[in-house]
Amino acid sequence: MQPAAIHSYGLFGETANLPDPLHIETIAARSALHDWELAPHRHARLHQLLLLRSGSGRLHLEGHALPLPAMSLVNVPPGAVHAFRFERGTQGWVATLADDLVEQLLPPSGEERRALSQGGVFSADAALLPLMTQITAEFDAAAPSRALVLQGLCTVLLAQAARAVAQAAPPPRDAPASALLRRFERLVDARLLEHPSVADCARALAVSPTHLSRVLRAATGQPASRLIDARLMREARRQLAYTSLPVTTIGYTLGFGDPAYFSRVFRRVEGLSPRAFRERLLRGHRR
């Protein structure tokens, strides 16, 4: 009997083999073990939101030193190099979310996604205090529907964080370029299984491939072709994580006629084969 595809991706934490929607802990829980200082590091596929309730500190983010006063909200997108030094006794929380969950919860091409791609320190709304308290209580409990409640609270947390970033960020300098990026993202989502080329996308968007590539590289730091591959491989990661489908079937589902080619593309983008990715994920869940 062939395993069936899961068309609606399961919630994090719904089974013993999947992680929670997020991890949350106090700032002191980890920082106090390291003399209130965390050396520069980054998380490849984790998004972090940190709220300082009291105390102070300093954030080093991608080479920039930023003060952390009380009631600061820190947004650290995946891959951003960051380090912290806190005043002893600083109180607050650190919430860590898998980037696949963030992708699942956010609108495909909304302003929230764009806001949360900006790392930095922002003024926190007082509403975040009871929200973080509620998330912590739910995370520590073993109540029925825990994963579902946590996912809902994650959505609110991301929305509040996006609002804080949007209120602090200046208006975009190049609105037409931002609009083109959003149209490109929507187009790739709609035609993902067709594996559109840069030329295909440019034709559909009524711009030249050169112009499209220039705008996308300026906005994201990535060429258009890599953005298309990254979106496709994100879908592959979800299938590998949340279905029991064989790797070859996943490749066919995603429009790859040759399983070997699917594996080569996945390895080029992710740095390891689809099977190795799934095995590493399973090993991590068993710990």
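No other residue among P196, P274 is at pLDDT 90 or above, under 23 Å from R113 (Cβ atoms) and not charged (D, E, K, R) apart from P196. It is to be established whether one or more residues within region 231-241 are among the small types (G, A, S) and closer than 20 Å to P78 by Cβ. Yes. Considering region 235-250, and only residues there that are buried (at least 18 other Cβ atoms within 10 Å of the Cβ) and in contact with an Asp or Glu (Cβ under 8 Å, 6 or more places away or on another chain), the residue that is farthest from H195 (Cα to Cα) turns out to be A241.
Among residues that are within 18 Å of T136 (Cβ to Cβ) and out of contact with any Cys (no Cβ under 9 Å at 6 or more places or on another chain), A32 is included.
For every residue, the table says whether it meets (1) of a type outside the set (S, T, Y); (2) part of a helix (DSSP H, G or I); (3) buried (at least 16 other Cβ atoms within 10 Å of the Cβ).
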position	(1), (2), (3)
V207	yes, no, yes
L216	yes, yes, yes
S225	no, yes, no
F266	yes, yes, yes
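Filtering region 43-62 to residues that are in a strand (DSSP E or B) and either more than 17 Å from I27 (Cβ to Cβ) or in contact with a helix residue (DSSP H, G or I) (Cβ under 9 Å, 6 or more places away or on another chain) (or both) leaves L46, H47, L49, L50, L51, L52, R53, G57. Residues that are touching a strand residue (DSSP E or B) at 6+ places or on another chain (Cβ under 8 Å) and at pLDDT below 85 within region 74-93 comprise P78, A80, V81, listed in sequence order.
When restricted to residues that are among the hydrophobic types (A, V, I, L, M, F, W, C), over 15 Å from H60 (Cα atoms) and touching a Leu at 6+ places or on another chain (Cβ under 9 Å), region 71-117 contains 11.
Filtering region 132-152 to residues that are under 20 Å from L46 (Cα atoms) and in contact (Cβ under 8 Å) with a residue 24 or more places away in the chain leaves M132, I135, T136, F139, A147, L148, L150, Q151.
Cβ-Cβ contacts under 8 Å between residues 6 or more apart (or on different chains), taken from a first residue in region 250-279 that is assigned by TED's automatic domain parsing to the domain that holds A44 to a second residue that is in a helix (DSSP H, G or I) and surrounded by fewer than 19 Cβ atoms within 10 Å (Cβ to Cβ), are absent.
Find the residue count for region 103-145, including only residues that are modelled with pLDDT of 95 or more and touching an Asp or Glu at 6+ places or on another chain (Cβ under 6 Å). Residues flagged as modelled with pLDDT of 95 or more and touching an Asp or Glu at 6+ places or on another chain (Cβ under 6 Å) within region 103-145 amount to 0. Is at least one residue of region 94-102 at negative phi and at pLDDT 95 or above? Within region 94-102, one or more residues are at negative phi and at pLDDT 95 or above. If you go through region 184-197 and pick out every residue that is of a type outside the set (G, A, S) and within 22 Å of G251 (Cβ to Cβ), you end up with 8. For region 268-287, filtered to residues that are outside any helix (DSSP H, G or I) and not charged (D, E, K, R), the residue that is surrounded by the fewest Cβ atoms within 10 Å (Cβ to Cβ) is G271.
The values are calculated or read from the model by the stated rules, or taken from the named source; none is laboratory data. Everything quoted here is computed from the prediction, not taken from an experiment. Here the Cβ is made from the backbone with ideal geometry for all residues, glycine too, and neighbour counts use every protein chain on show.
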